[in-house]
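What follows is a single structure, written as structure tokens, with notes after it.
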Amino acid sequence: MKKIATQLALLLVLAVGFSACKKDYGNHLAPLQDSIAAIPVTVTNQVYFERFPVVTTTVGADGNGTFSIAFSIPADKGKIKEITKVATGNSGVEYLQSNLYPNYLLTPVAGNGTNTITFSSDLNAVRSYVTRLNAVFPTLPAGSTKTAAFAFTGTSTGGAGTLTPNANAQTPNQLRFFFLITLEDGTQLITTEVDVRLL
């Protein structure tokens, strides 16, 4: 009986000791803590959500397809001045943050004085961006990132390296877009990746 009482007392001391310990992570997130943006950007016209918001475009017989991505921030967080810069591909965030890489946009997309803004484009504009991006690669310093504006995992119906749907609908071809949004107060926000699925 005394042995059981001693074991229970020891177990109680250990339980109290472990529950009293709280690690201070300083300015870093705890392992299971969410990272919530101070000003969240939402894609309001997403068709799917698969880790990232997904919008779709239908590729026509001419190889072109239009798409739009509508963004919104909470009404109490300010007004959107413009979409300042857009990039595509696996290194899109780096392309947004460096002036070494061309902007997908030829001119910024102006806001309308509200907390919403819409980016509209088409596949021909993506092809134009690919050409401009590839032209810059030879001029970049050694060690600079030089990844393609898009890379698909499956076989496109139009052949490798084309902006066409994947022959296997289970692994659709998607373009990865990244946006730098500027608010009227000068705050700049980088959105999460937004994918454009080719149908």
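Taking the criterion of being of a type outside the set (A, V, I, L, M, F, W, C), under 14 Å from the mean Cα position of the chain (by Cα), loosely packed, with under 15 Cβ neighbours inside 10 Å and part of a strand (DSSP E or B), would at least one residue in region 58-81 satisfy it? Can you show your working first?
In the first step, residues of region 58-81 are kept if they are of a type outside the set (A, V, I, L, M, F, W, C); the result is 58, 60, 62-66, 68, 72, 74, 76-79, 81.
Adding the requirement that they be under 14 Å from the mean Cα position of the chain (by Cα) leaves none.
No; the residues of region 58-81 include none that is of a type outside the set (A, V, I, L, M, F, W, C), under 14 Å from the mean Cα position of the chain (by Cα), loosely packed, with under 15 Cβ neighbours inside 10 Å and part of a strand (DSSP E or B).
Which residues, taken from region 52-88, are out of contact with any strand residue (DSSP E or B) (no Cβ under 6 Å at 6 or more places or on another chain) and touching a residue at least 12 places away in the same chain (Cβ under 8 Å)?
Just the residues of region 52-88 that are out of contact with any strand residue (DSSP E or B) (no Cβ under 6 Å at 6 or more places or on another chain), to begin with: 58, 60-63, 73-77, 79.
THR58, GLY63, ILE73, PRO74, ALA75, LYS77, LYS79, listed by residue number.
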TODO: Select from region 147-189 the residues that are in a strand (DSSP E or B) and at pLDDT below 95 and write down the one among them that is nearest to TYR101 (Cα to Cα).
DONE: ARG176
TODO: Among what's in region 71-94 and is of a type outside the set (Val, Ile, Thr) and in contact with a helix residue (DSSP H, G or I) (Cβ under 8 Å, 6 or more places away or on another chain), pick the residue that is farthest from PHE177 (Cα to Cα).
DONE: LYS85
TODO: Could you check, for region 110-133, whether at least one of its residues is more than 30 Å from ASP76 (Cα to Cα) and basic (Lys, Arg)?
DONE: yes
TODO: Go through region 110-143 and count every residue that is among the hydroxyl-bearing types (Ser, Thr, Tyr), within 16 Å of SER98 (Cβ to Cβ) and more than 21 Å from the chain's Cα centre (by Cα).
DONE: 1
- [ ] Determine which member of the set ALA169, ALA125, ALA149, ALA142 is hydrophobic (A, V, I, L, M, F, W, C) and crowded, with 20+ Cβ neighbours inside 10 Å.
- [x] ALA149
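Limited to region 1-51, what total is found for residues that are of a type in the set (Gly, Ala, Ser), assigned to a helix (DSSP H, G or I) and at pLDDT below 75?
Narrowing region 1-51 to residues of a type in the set (Gly, Ala, Ser): 5, 9, 15, 17, 19-20, 26, 30, 35, 37-38.
Subsequent filtering for residues that are assigned to a helix (DSSP H, G or I) retains 5, 9, 15, 17, 19-20.
Narrowing further to those that are at pLDDT below 75: 15, 17, 19-20.
Residues meeting the conditions: 4.
The values are calculated or read from the model by the stated rules, or taken from the named source; none is laboratory data. Being a predicted model, the structure only gives us computed values, none of them experimental. Please note: Cβ atoms are built from the backbone with ideal geometry, for glycine as well, and neighbour counts cover all protein chains shown.
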